[in-house]
Amino acid sequence: MKKILASVLVVSMVVTQLGGCASTGATQTQQGAAIGAVSGAALGAAVSKNRGKGALIGAVIGLLVGAAIGNYKDRQDATRAEAAMKYRYDDRGNKLVVESAAVAPQAVSRGGTFESSVQYTTLSPNNEEQVKLTEVRTLVSEQETVDLGRREVVRTQGTHTSTAKVSLPKDLPKGNYTLVTTISDGKDTKTAKTPFAVV
């Protein structure tokens, strides 16, 4: 009984602290972590025979998953019908188009953070089908290649903007780089290149 109460107390403390962050102008990572911890604790307690232990495990897993999700922002900019009209799509074969990519700010110190945004359109002959996509962000220079993150998402068809908050390694050499953003639907792969500097 004491172990259960201790577990519930730990979960309550974690959730309370993270929840406070989310209500006081916290970052999206903190908000995602808070939501994940609360949801994970509730689910863990509900499905586990030992509710206290289940809540604790659920909170920790939810915290990690929520924090990762909080590093991304997604927006749908056009429906399938709007995108199909723009590209005069005739329902033959899959279509994947990277429309734009941007970095803000374009110069960041080592260990700093920036936002990488990419806008792309995905279409397939079955207008009800959702499309599984892989987003990869890589920083490239003449001497260095740094993997900044890989993400798999399932999207409704249309035009979407994906924005990732990225942290640079503290030991990354200063200099000029190219941020290469790669989008793949498993059949087709498209890339966008954006100039970037580590200062």
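In this structure, the amide hydrogen of Asp77, modeled 1.01 Å from its nitrogen in the peptide plane, lies closer than 5 angstrom to those of Thr159, His160, Thr161, counting only residues at least 5 positions away or on a different chain. Converting phi to 3J(HN,Hα) with the Karplus coefficients 6.51, -1.76 and 1.60 and the offset θ = phi - 60°, the range 88-93 yields 6, 6, 10, 6, 10, x Hz in sequence order, with x at every glycine or proline. Based on alpha carbons, the Rg and Dmax found for the range 73-198 are 15.7, 49 Å. For the range 151-157, backbone phi angles converted through the Karplus equation (6.51, -1.76, 1.60; θ = phi - 60°) give residue-by-residue couplings of 9, 10, 9, 10, 10, 6, 6 Hz, Gly and Pro being listed as x. Karplus-derived 3J(HN,Hα) values for the range 117-123, using 6.51 cos²θ - 1.76 cosθ + 1.60 with θ = phi - 60°, are 10, 9, 10, 8, 10, 10, 9 Hz; glycine and proline are entered as x.
Below 8 Å between Cα atoms, with a sequence gap of 6+, how large is the relative contact order for the range 73-198 in percent?
Numbers: 296 pairs, mean separation 41.4, N = 126.
It rounds to 33 percent for the range 73-198.
The magnitude of the dipole of the range 73-198, with charges of +1 and -1 set on the Cβ of Lys/Arg and Asp/Glu and taken from the Cα centre, is near 200 debye.
On full extension of the chain, what length is gained from Ser109 through Gln76, given 0.36 nm per residue of separation minus the C-alpha to C-alpha distance?
8.8 nm
The stretch between Thr189 and Ser167, if pulled fully straight at 0.36 nm per residue, gains 5.4 nm over its current Cα-Cα span.
Every read-out reported here was derived from the displayed coordinates using simple, explicitly stated rules and does not represent laboratory data. Small disclaimer: the values here were computed from a predicted structure and weren't measured. Using ideal geometry, Cβ is built from the backbone for each residue, glycine included, and neighbour counts are taken over all protein chains shown.
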